[in-house]
Every structure is written in C-alpha cells, then in structure tokens.
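Laboratory data are not the source of any read-out in this text; all were calculated from the coordinates shown. Quick caveat, the model's predicted, so the values are computed rather than measured. Cβ sites come from the backbone with ideal geometry, for glycine too, and all protein chains shown count toward neighbours.
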Amino acid sequence: MKVTETSLKDCCIIEPTIFEDERGYFFEKFNEKKFEHLTGLNGHFVQDNISKSTYGVLRGLHLQKGEHAQAKLVSCLEGTVWDVAVDLRKDSPTFGKWFGVELSGENKLQFYVPRGFGHGFSVLSETAVFSYKCDNYYNKESEGGVLWNDSDLQIDWRLAAADVVLSDKDKIQPTFAEGNF
C-alpha cells in the first residue's frame, strides 16, 4: 500500500498493492493496522455505504456536522468518478481549498477525506458504483453542505454544466459564504 499526501491538510490518496496473474487480480482493500501505521490517522470505520449512479450524476458537496462529523475512505468499484474534497475547517491552513482525484474500478485508488471536509463526486462513465467507509454513523439532523457550483470555490467537476444531474437537495445547498458547515 502506498500513501500519497495531497495539497489539503490531512487528505491522502491510498494506492493498494495489486497482485495480478492469468486468473485476475487480488488486493487488500482495507487493513486498519496498516492504514493507521502508514497514515498516522484513525482507521476505525463503523459504516459502509454503496451508491450506484449514471453519467453526469453529481453527489455533493455533503458533510456531517458537530458530534456526527465523519471521516470517509472512498473508492470507485466500477466505472469512473471525479472525487472532490473541500476543507471546511475554519482553523485549517487549507480552509476553502479543494482537491480532486479520479477514482475508478481500473485504478483502484482510495481517497481519505477527514472530518470537517465537504465531499462530493461526479460520474464520468456510463455508470459507477461508489463505496464510502465512514468513521461515524449518519445523522440526518447533522447534515451540512455547500452548493456544488459555488463561485468562491470554482470546482472543476469535469462535466459540462448541461450534463450535471442533481438531487433536489443538492440544487439548493447554501453557498460557501453562507457557511452551513
């Protein structure tokens, strides 16, 4: 397993060691001890979520606030997504900055998104199956978010605006300046 730091404090990309032969491949998707040793971060996850989406779907930017804040370890099992994290920790040196990484069933990369970050992804392939490991349980009353196309953040979602498919909730998220985080 290889860990690469990103330009955002505490976010990292995890590349598994893949063993391939004529039968296919094998890799260890997650090992709590290795994760903690290589990243120095808490690797205790309590909830796994899976979503399937079609081309153009954009899910985000979401977060859980307060005592229900969640760190996430995300990956794309099938297809390709552009995954984005935004640092919403007001005391962080990278507050208001974003980082994106392409995750796919082919590259098998994982992206660690700490607590206090907004998170979202856009689907670049015909369909995509996305996996989220969370270190805290979901709580509806603790939902927060930022509008996907906020002009202060200027996130490149790698989709034409006309191709973006949003949930009703994501169409009306507050702006970054409104600070619903």
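Things worth noting here:
- Near pairs, Cβ below 6 angstrom, 6+ apart or cross-chain, from the stretch 128-142 (touching a residue at least 40 places away in the same chain (Cβ under 8 Å) and more than 14 Å from Ser104 (Cα to Cα)) to any residue that is of a type in the set (S, T, N, Q) and surrounded by fewer than 16 Cβ atoms within 10 Å (Cβ to Cβ): Cys134/Gln47; Tyr137/Gln47
- If the condition is being of a type in the set (S, T, N, Q) and surrounded by fewer than 15 Cβ atoms within 10 Å (Cβ to Cβ), then the stretch 134-148 contributes only Asn139.
- For the stretch 65-74, the tally of residues that are touching a Leu at 6+ places or on another chain (Cβ under 8 Å) and over 21 Å from Asp156 (Cβ atoms) stands at 3.
- Residue, surrounded by the most Cβ atoms within 10 Å (Cβ to Cβ), within the stretch 157-181, restricted to residues that are of a type in the set (D, E, K, R) and not in a helix (DSSP H, G or I): Arg158
- Criterion: in contact (Cβ under 8 Å) with a residue 24 or more places away in the chain, of a type in the set (Phe, Trp, Tyr) and touching an Asp or Glu at 6+ places or on another chain (Cβ under 6 Å) - qualifying residue of Phe111, Phe95: Phe111
- Residues that are at positive phi and under 11 Å from the mean Cα position of the chain (by Cα) within the stretch 100-144 are absent altogether.
- When restricted to residues that are assigned to a strand (DSSP E or B) and under 11 Å from Leu153 (Cα atoms), the stretch 86-110 contains 4.
- Residues of the stretch 17-51 satisfying the condition of being surrounded by 13 or more Cβ atoms within 10 Å (Cβ to Cβ) and β-branched (Val, Ile, Thr): Thr39
- All positions within the stretch 114-127 that are in contact (Cβ under 8 Å) with a residue 60 or more places away in the chain and charged (D, E, K, R): Glu126
- Residues in the stretch 1-11 that are outside any loop (DSSP other than H, G, I, E, B) and not aliphatic (A, V, I, L, M) were compared, and the one that is farthest from Glu106 (Cα to Cα) is Glu5.
- Just so you know, in the stretch 113-133 the residues that are surrounded by 21 or more Cβ atoms within 10 Å (Cβ to Cβ) and hydrophobic (A, V, I, L, M, F, W, C) include one that is farthest from Asp87 (Cα to Cα), and it is Ala128.
- The single residue among Gly60, Gly43, Gly56 that is touching a Leu at 6+ places or on another chain (Cβ under 7 Å), within 21 Å of Val101 (Cα to Cα) and small (Gly, Ala, Ser) turns out to be Gly56.
- Meeting the requirement of 3 or more residues that are β-branched (Val, Ile, Thr), no strands (runs of 3 or more DSSP E) wholly within the stretch 12-64 can be named.
- Output for the stretch 8-49, where each listed residue is within 17 Å of Cys76 (Cα to Cα), without any contact (Cβ under 8 Å) to a residue 12 or more places away in the chain and of a type in the set (D, E, K, R): none
- If you go through the stretch 78-95 and keep only what is under 22 Å from Leu147 (Cβ atoms) and surrounded by fewer than 16 Cβ atoms within 10 Å (Cβ to Cβ), you end up with Lys90, Phe95.
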